[in-house]
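Taking it in order: structure first as structure tokens, then the write-up.
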Amino acid sequence: MSSRTHVVLVPGFGGFDALGQIFYYANVTTVYDAWKEKAGSSLASLHYFENLPTAGVRTRAIALRAFLEERVYRDVIRKGDRIALVGHSTGGLDIRQLLVNLDPRFDAVPNVRDPAKKVLVEDHDILNKVERIVFLSVPQKGTNSADFTRQFRTLLDWFFRTVEAELVVSRASVLEVFEKFVLKHLPLYGAPQVFDAVRDTILETLNGGGSTADDRYRAAASRAAFGELLGWLVNVKDDFFAIDDLSYEEPSGALPTPARYPSSLREMEREAWEPRILTRSFATMARPPYEGPPRTKPYDPLWLLPWLANLKPSPARKTDAVFRLVYAATAAGPFEASPEDRIRDSGRLRQVESWENDGIVNTASMLWPDGEATTLVPADHGDIIGHYILSKAIKTSEVLTGRINHSYDILGSGMGFDEHDFKKVWEGVFEFCTS
């Protein structure tokens, strides 16, 4: 029997395959099916890994090992098959940590490896199958948005506790509060689609009633969606350590994380991959939504909010309020690009500025390990995973569960990223993974 390539999609921050209305990787399967038919290849399989939402990278890497171990043990991934790991955002750090965990050579470095104890499949039997890694918009050296979020950790803890408690009492009241105080009273210049996605996720948990088989299925799916949403909120409320792991500046007491590995350990990673494991990196970069580039400064909440208020949106750019906020928060902060952070942009090699970003991650942070060979994608952080357009539910099963949309333009950067661009990126991913 011929060997197969198993392409495993690893989600980033928020880690899920599908959470109510929101798919993490949207429309990727459609592109994959068309690519496979065009390539005439039946020796590839696509897997979606459902990770923990906001857990620390080292916790998420353990979950990723368990996912792969189960599929190797059940002979889904067979002897002679190979694995290609594709990580978006934090998912790329999870992959790096997984490979450190699987490789006993890293025992020489104190406190960076989390070896598995009791196993169904040995580490080397998983590691030896990994031959390709794709990094999509990965904060390889941290990102300002994480440092920004840490400033408001206490407020976020209170928010998620409140939503979880309210959701248990009444799903309908959560929707009512959300529509009344978020969608109607915030000066949003038109509601961003990320808020539509949140509203639709809550709506999906409210379906029920009727006596037909379809009605009963819809009600059962509604109960399942409620359980998924509640479980996701509980995980977020109790484990938000991913933010510490993604910060550019090291929080006190934080565990070592791939985003802050010293150069010596990064070189050890690359040596461990060679020559068998090949990498390819894609870096996303969005245009500033302001007149003049935002500055890079350390965070001071008392300084930051007035500074944001004084930024003048560019009249030539159609962007929503959420993107303007996250872009500015990611542009400002402690992250510093190095002189080696250069990328080929419109045919010329240029330095990437510290403030340049895709709305969530500083672009200069995405260039390791492939440096100047990294592929630049003019897009925001959500575009590259299929969230560049509002698209209706595409399958009968989605309609039956009450799903309204298959994807959302969750950041609204106005970059003009479209279906052609999306196909080009993902066909390149699949070609690399199976080559």
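The values are calculated or read from the model by the stated rules, or taken from the named source; none is laboratory data. Since the structure is predicted, the reported quantities are computational estimates derived from the model, not experimental observations. Counting neighbours? That spans all protein chains shown, and the Cβs are built from the backbone with ideal geometry, glycine included. SASA here: full protein model, heavy atoms, side chains in, ligands and nucleic acids out. Shrake-Rupley method; radii C 1.70, N 1.55, O 1.52, S 1.80 Å.
Quick notes on this one:
- Residue list for region 64-93, restricted to those being hydrophobic (A, V, I, L, M, F, W, C) and buried (at least 19 other Cβ atoms within 10 Å of the Cβ): L64, L68, V72, I77, I83, A84, L85, V86, L93
- Going through (1) surrounded by 14 or more Cβ atoms within 10 Å (Cβ to Cβ); (2) modelled with pLDDT under 80; (3) farther than 19 Å from L156 by Cβ one by one, V182 falls short only on (3).
- Cβ-Cβ distances below 8 Å connect the following pairs, each with a first residue in region 106-132 that is closer than 19 Å to R58 by Cα, a second residue that is modelled with pLDDT under 95 and of a type in the set (G, A, S), and a separation of six or more residues or different chains: D123/A116.
- Residue match in region 395-418 (condition: under 15 Å from V138 (Cα atoms), open to solvent by less than 20 Å² (accessible area, probe 1.4 Å) and under 18 Å from the mean Cα position of the chain (by Cα)): no
- Residue among I62, I77 that alone is modelled with pLDDT of 95 or more, over 24 Å from L255 (Cα atoms) and out of contact with any Gly (no Cβ under 9 Å at 6 or more places or on another chain): I77
- Restricting region 377-400 to residues that are in a helix (DSSP H, G or I) and touching a Ser or Thr at 6+ places or on another chain (Cβ under 9 Å), the residue that is farthest from R276 (Cα to Cα): D383
- Test: residue in region 125-143 that is part of a helix (DSSP H, G or I) and open to solvent by 10 Å² or more (accessible area, probe 1.4 Å): yes
- Residue satisfying all of: in region 149-158; in a helix (DSSP H, G or I) and touching a helix residue (DSSP H, G or I) at 6+ places or on another chain (Cβ under 9 Å); farthest from A329 (Cα to Cα) among these: D157
- Test: residue in region 89-97 that is within 20 Å of V119 (Cα to Cα), of a type in the set (A, V, I, L, M, F, W, C) and in contact with an Asp or Glu (Cβ under 7 Å, 6 or more places away or on another chain): no
- One residue stands out in region 147-179 among those that are open to solvent by 40 Å² or more (accessible area, probe 1.4 Å) and among the polar types (S, T, N, Q): the one that is nearest to F195 (Cα to Cα), namely T162.
Each row is one residue, and each column tells you yes or no for (1) at pLDDT 95 or above; (2) out of contact with any Gly (no Cβ under 6 Å at 6 or more places or on another chain); (3) not polar (S, T, N, Q).
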position: V10; (1), (2), (3): yes, no, yes
position: A26; (1), (2), (3): no, no, yes
position: R82; (1), (2), (3): yes, yes, yes
position: D107; (1), (2), (3): yes, yes, yes
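- Listed conditions (1) aliphatic (A, V, I, L, M); (2) open to solvent by 30 Å² or more (accessible area, probe 1.4 Å); (3) at pLDDT 90 or above are all met by L390, apart from (3).
- Number of positions in region 207-218 that are closer than 14 Å to R171 by Cα and surrounded by 15 or more Cβ atoms within 10 Å (Cβ to Cβ): 1
- Within region 401-433, the set of residues being among the charged types (D, E, K, R) and either part of a loop (DSSP other than H, G, I, E, B) or modelled with pLDDT under 90 (or both) comprises R403, D409, D418.
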